[in-house]
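I have placed the structure first, in the form of C-alpha cells, so that the comments after it can refer back to it.
The values are calculated or read from the model by the stated rules, or taken from the named source; none is laboratory data. Just so it is clear, the model here is predicted, and its values are computed rather than measured. As a convention, Cβ positions derive from the backbone with ideal geometry for all residues, glycine included, and neighbour counts pool all protein chains shown. Surface areas here come from the heavy atoms of the whole protein model, side chains and all, with no ligands, DNA or RNA. Shrake-Rupley method; radii C 1.70, N 1.55, O 1.52, S 1.80 Å.
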Amino acid sequence: MQTYETILILKPVLSDPEVTEFVDKTKLTISGEGGEIVSSEIWGRRKLTHLIGKAREGVYAYFKCRANPPLLKKLNHNFSISETIMRNMTVLAQ
C-alpha cells in the first residue's frame, strides 16, 4: 500500500455537522475497503482564489491515507459523482 494525500473542497452551503458526517463517511469507506487513515482534518471554510461555479468560498477537508490503487480509483470515482464536492485532488505522499 502507498500513502496518498487528498484535499477536498466541499460546497459552502453545508453546515458543520454535514461536513463532519461527510468526512466520517469517507473514513468509513476507506477503512471498509482495506485502507488505513493516517490522519484527517477539516480545515474549515475559506475564501477561494477564483470562483468555482458561483461559489466564492468552500469548506476544505484533508485526508492522508494508505491505500491500494483499486481503492484510490473507487474514491476518485465517488468524489467525482458527489454533489457535495466542488473540487478534489489526490497526490502520492512523500
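Some observations on this one:
- Within the range 24-45, the residues that satisfy the criterion of being part of a helix (DSSP H, G or I) and either touching a His at 6+ places or on another chain (Cβ under 6 Å) or surrounded by 13 or more Cβ atoms within 10 Å (Cβ to Cβ) (or both) are T26, K27, T29, I30.
- Residue check for E21: in contact with a Lys or Arg (Cβ under 7 Å, 6 or more places away or on another chain), of a type in the set (D, E) and surrounded by 11 or more Cβ atoms within 10 Å (Cβ to Cβ): no
- Residues that are under 13 Å from L8 (Cβ atoms) and either in contact (Cβ under 8 Å) with a residue 60 or more places away in the chain or open to solvent by 50 Å² or more (accessible area, probe 1.4 Å) (or both) within the range 46-82 comprise R46, K64, C65, L75, N76, N78, F79, S80, listed in sequence order.
- Residue in the range 3-13 that is more than 12 Å from the chain's Cα centre (by Cα), surrounded by 13 or more Cβ atoms within 10 Å (Cβ to Cβ) and among the hydroxyl-bearing types (S, T, Y) present: yes
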